[in-house]
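Structure first, then comments.
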């Protein structure tokens, strides 16, 4: 998987423009493909300057390939009180590089655009339909808030976005 993703992100000339558009206030998560059995999904993440995720988990395996720009990844571990504590220094993922995540090796992290002056784009492959997976955001106070991320797609019908069904 990682080798194929590395081959894909080696070139930055294939992603359609509608999956590269940033939002001024938060990152975008565009579904590129989900297999019919929801065994995996491929997503483009578009990060405006300074944009970041909250501390969160995935609960499925994944591989992240940096297509354009750079991301900073800070891993966390929950202490005995459920408070997220940084695990070592943040790592930098630059264009053409690939990183793996899984529930077995530090699935809790925070990701941010490492560039203050331009957009960064990463391609993620997940072991499930990540837009429909029930996951958690972790607050600095130790609260776990459940969420389903959904997708940012606007240009094509999006039958895989389950987040709207769970909003209340």
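Filter the strands (runs of 3 or more DSSP E) completely within the stretch 82-129 down to those with at least 1 residues that are more than 15 Å from residue 72 (Cβ to Cβ) and modelled with pLDDT of 95 or more. It would help to see each step written out before you state the result.
Values: elements: 84-86, 91-94, 98-101, 109-113, 120-126.
In the stretch 82-129, 84-86, 98-101, 120-126 are the strands (runs of 3 or more DSSP E) which contain 1 or more residues that are more than 15 Å from residue 72 (Cβ to Cβ) and modelled with pLDDT of 95 or more.
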- Looking at the stretch 69-76, is at least one residue more than 12 Å from residue 129 (Cβ to Cβ), at pLDDT 95 or above, surrounded by 19 or more Cβ atoms within 10 Å (Cβ to Cβ) and touching a helix residue (DSSP H, G or I) at 6+ places or on another chain (Cβ under 8 Å)? no
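Based on this model, can you work out whether residue 16 counts as on the phi < 0 side of the Ramachandran plot and at pLDDT 95 or above? Lay out the reasoning, then the answer.
Details: on the phi < 0 side of the Ramachandran plot: yes; at pLDDT 95 or above: no.
So residue 16 fails the test.
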- Candidate set from the stretch 1-23 (those that are over 20 Å from residue 70 (Cβ atoms) and part of a loop (DSSP other than H, G, I, E, B)); member that is farthest from the chain's Cα centre (by Cα): 16
- Message: For the list (1) buried (at least 18 other Cβ atoms within 10 Å of the Cβ); (2) at positive phi, I need the number of the one condition that residue 55 fails.
- Response: (2)
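Residue-wise test of (1) surrounded by fewer than 18 Cβ atoms within 10 Å (Cβ to Cβ); (2) touching a residue at least 40 places away in the same chain (Cβ under 8 Å); (3) over 21 Å from residue 19 (Cβ atoms).
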position	(1), (2), (3)
91	yes, no, yes
100	yes, yes, yes
104	yes, no, yes
113	no, yes, no
121	no, yes, no
125	no, yes, no
- Which condition number in (1) buried (at least 19 other Cβ atoms within 10 Å of the Cβ); (2) on the phi > 0 side of the Ramachandran plot is the one that residue 38 fails? (1)
- Message: Among the residues of the stretch 9-35, what is the count of those that are in contact with a strand residue (DSSP E or B) (Cβ under 8 Å, 6 or more places away or on another chain), closer than 21 Å to residue 133 by Cα and loosely packed, with under 15 Cβ neighbours inside 10 Å?
- Response: 2
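Name every residue in the stretch 59-81 that is assigned to a strand (DSSP E or B), within 26 Å of residue 39 (Cβ to Cβ) and touching a residue at least 40 places away in the same chain (Cβ under 8 Å), in order of residue number. I'd like the intermediate steps shown before the answer.
In the first step, residues of the stretch 59-81 are kept if they are assigned to a strand (DSSP E or B); the result is 62-68, 70-78.
In the following step, the residues that additionally are within 26 Å of residue 39 (Cβ to Cβ) were identified as 62-67, 71, 73, 75.
Hits for the stretch 59-81 are 62, 63, 64, 65, 66, 67, 71.
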- Query: So which residues in the stretch 35-58 are part of a strand (DSSP E or B) and in contact with a helix residue (DSSP H, G or I) (Cβ under 8 Å, 6 or more places away or on another chain)?
  - Reply: 41, 43, 44, 46
- Task: Of the numbered conditions (1) touching a residue at least 40 places away in the same chain (Cβ under 8 Å); (2) within 17 Å of residue 115 (Cβ to Cβ), residue 18 fails exactly one; give the number of that condition.
- Result: (2)
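The values are calculated or read from the model by the stated rules, or taken from the named source; none is laboratory data. Keep in mind that what you see is a predicted model, and the values were worked out from it rather than measured. FYI the Cβ positions are ideal-geometry reconstructions off the backbone, even for glycines, and counts take in every protein chain you see.
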